[in-house]
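Just below is one structure, and these are the notes that go with it.
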Amino acid sequence: MSKQISRRSFLKGAAAGAAGLAAAGMMGMGVAESTDAIAWDEEYDVVVLGYGGAGANAAVAAAEQGVKTLLCEKAPEGNEGGNTAVSGQFVMATDDPDGLYDYLTTLMGKFHNWDPEAVKAFCEGCAENFAWMTGPMGGDPNVIAPVDHPTGVYEENNVSWKKADGTDGALVDPYKVGRSDYWYYNWDEFPEIPSSAHCLCLTASGTRFDRSYYNLCQNAVKAHDIDVWFSAPGKKLITDAEGTVIGVIVNKDGTDVKIKVNGGVVLTCGGFEHNQEMICSYLQMPYVHQQGGLYNDGDGIKMALSAGADLWHMSNSAGFTWTHKRPFLDTVSLFSGPNANTGIYVGLGGDRFMNEAGTTRHGRIYIGGRWISTPMPLPAYLVQDADQLAAGNKLVSAFSDGYADELASGEVLMGNTLEELAEAIRNSEGGTDAPDFDTDKFVATVAAYNKRYDAGEDADYGRPYSTMVPVKNGPFYATKIGPTYFNTQGGPRKNKFGQVINTEGMAIEGLFEAGEMGSIFCDMYNGSGNLGETMVYGRISGTNAAKRAKGEFQSEDTPVTTFTGDIYVAGTTRPASEVNAESVDLTSATLKDGVYQGEGNGINGKIVVEVTITDGKIADVQIVSESESEGLGHIALPDYAKQTVEKQSLDIDVMTGVTVTLDGYKEAVNAALAQAAQ
Ligand SMILES: Cc1cc2nc3c(=O)[nH]c(=O)nc-3n(C[C@H](O)[C@H](O)[C@H](O)COP(=O)(O)OP(=O)(O)OC[C@H]3O[C@@H](n4cnc5c(N)ncnc54)[C@H](O)[C@@H]3O)c2cc1C
């Protein structure tokens, strides 16, 4: 089913259009006025905002369709590339889209806020990544599928090269290269899930953190007919009266340029890694330091919002892990993390809170049977003793010997005793950061930890003994640690075509997205997935925006699926389907006349009802006794009784917030009816 604009999206769009023109500062022109009245400065078929991996792939895909394409980047030339440029360069691929789908949807766990079609499209796209990477993107197949085991690369937990000839249980020609004499990577961060065998990843050079994938992206952009503007942030989307995105304002060299866009704007602005306000709002963290996309301020997300977009996965991120931010640097290096094996972590309460040496999977740590975000009570400190310093075990490898420089600058705090160190922590940063640091708890914590060390087992947090060091001999040192992450995952919802979705589940015409912004990942994440998305959704969105310019693309007129699980009824622990299933089938039951009592469990105790059956019908329901909440269930019960008689059914409308009462009421009426039905 497809058509250009559904009535539903038209009505929705009218409002969004007004908002869009207003946001674009064009309200003076009037919503009803023809958009021909807009004084356009430029015209393109496809405009891509953000020159990271997603933007490069989208622009190449659009150019491959032969349309006029512009790629705009906020950063000055030389600083483009966002997270993609600094990343590990692993790009997800697969031999089997169904297998990958099974794996990724298992990672999504109990989070049901994903679109099966969009995830499927991603998995199918991953199966095409080798062909795309070695085709339009210009990668060398002999390097990407090397005959010899690549050198200078790593083999560590859950990341390994396998020979594509089927030996040792490996897959045969998983990239569909047409031969099986090459090595491929299987990066399955959750190997306990059997389908993880289909989670593969490509590297452009056979090694990691060498910018090779981003270099490939840049070369591909240069090899295509694509206009590129640097220092040119996208500012505002321009929508028409129907809510269709028809243009964008880009600030080029300090001047706002109004660009008419025939096919679509593709938002590839990355996430909000450096927008501390959004971090507070969406990630429940007071701040986060990050290495990569220094210009990733959430601009794309805000632009999409102004066009009516819905959001998803905002609270998810590939993180967090601990880091130490050097005070004289703006951000952190991924490899600047504190050496957890040289001491212990303590929080504001003065106590330990985790296994400092715990293995994380993209910031997720195994607690309570699940891989959840590393707990981050802030502020927190890594504490070590003089013996570690004497042994040269620095908290941060770049620290000076004996921490002379860091102590002088206040980056490291010191106390001859634990009590003195606690005092130094309280006084740090002008006494504003940790004024309540608890000395007694801190001293007791260190003593308890040392006891664990002496006993040869960390019975508190399960830290492997081989990583434990005593914290016994003063002076003692504390260094502030904080959170870092790879990237955020949230942003506008998208569908399988890469279109941005509005709050009614409908596509916003003319607006596409790709990359980590609005990523498909809503819970656990497998490394290489985000770059996989730059390639797959870059390709999908760029192609579809171009096809739209050529009149070859049509949206679907049905809303997308945005939730795959059972909707739980507010206030209950059961899905709505189960609650409804409790209703007796009154259409087929034969009820004997009489008066019957039944009882059920309400929120505060028993609900007892009396049901009168006359001529085989429910003539009356009386509430005999109940102790439901005043102002809530107490008010709802007479209404439920009235509805039951009127509808001759238990399929009755719930009063907001009193669903537990409804459950108990149904239970009671059912018990009464069960007697009448005998
Ligand atoms: C250290 C590190 C290692 C990682 N390793 C991997 C890995 O090996 N595999 C993997 O899959 N993922 C990895 N990731 C995550 C991955 O790099 C990112 O999720 C991915 O690169 C995002 O690509 P993108 O194109 O969506 O965004 P980015 O690459 O961040 O690009 C966004 C671009 O948009 C620009 N921009 C922002 N606002 C605007 C605007 N208003 N107008 C125009 N341009 C704008 C930015 O300047 C930037 O250039 C890693 C991340 C980090 C930080």
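Numerical summary
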{"read-out": "Cα-based shape type of the chain, given that a ≥ b ≥ c are square roots of the gyration tensor eigenvalues and the cut on a/c is 1.5", "value": "oblate"}
{"read-out": "Signed unit charges on C-beta, dipole axis of the chain, positive-most listed residue G234, F497, V221", "value": "V221"}
{"read-out": "Two-site FRET efficiency, Y465 against D140, from Cβ-Cβ distance with R₀ of 45 Å, rounded to 0.05", "value": "0.45"}
{"read-out": "For the chain: relative contact order, % (alpha-carbon pairs under 8 angstrom, 6 or more apart)", "value": "18 percent"}
{"read-out": "Extension gain from S315 to D436, taking 0.36 nm per residue of separation minus the Cα-Cα distance", "value": "40.7 nm"}
{"read-out": "Positive-end residue, the chain charge dipole about Cα centroid, Cβ charges, pick of C522, P150, Q643", "value": "P150"}
{"read-out": "Pairwise label distance in nanometres, D387 with S625, each label 7 Å out on the Cα-Cβ vector", "value": "6.8 nm"}
{"read-out": "Dipole of the chain, positive direction: furthest Cα of G551, G368, V412, with charges on the beta-carbon", "value": "G551"}
{"read-out": "Euclidean distance of C-alpha centroids, region 95-117 and region 628-672, integer Å", "value": "38 Å"}
{"read-out": "Of K110/K480; K176/K494; K176/K550; K494/K547; K68/K222; K302/K480, those spanning more than 23 Å from alpha-carbon to alpha-carbon", "value": "K110/K480; K176/K494; K176/K550; K302/K480"}
{"read-out": "Average Cα contact separation per residue, region 576-676, under 8 Å, 6 or more apart, as relative contact order %", "value": "37 percent"}
{"read-out": "Computed helical MRE - 222 nm, the chain, DSSP H runs ≥ 4 contributing -39500 (n - 2.57), nearest 500", "value": "-8500 deg cm²/dmol"}
{"read-out": "For peptides 285-298, 549-562, sequence by mean Cβ density within 10 Å, most packed first", "value": "285-298, 549-562"}
{"read-out": "Simple Cβ-charge dipole of region 332-480, Lys/Arg +1 and Asp/Glu -1, about Cα centre, in debye nearest 20", "value": "720 debye"}
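Values quoted throughout were computed directly from the atomic coordinates according to the rules given, and no laboratory measurement underlies them. Worth saying up front: this structure is predicted, and the values here are computed from it rather than measured. With ideal geometry, Cβ positions are generated from the backbone for all residues, glycine too; neighbour counts draw on all protein chains shown.
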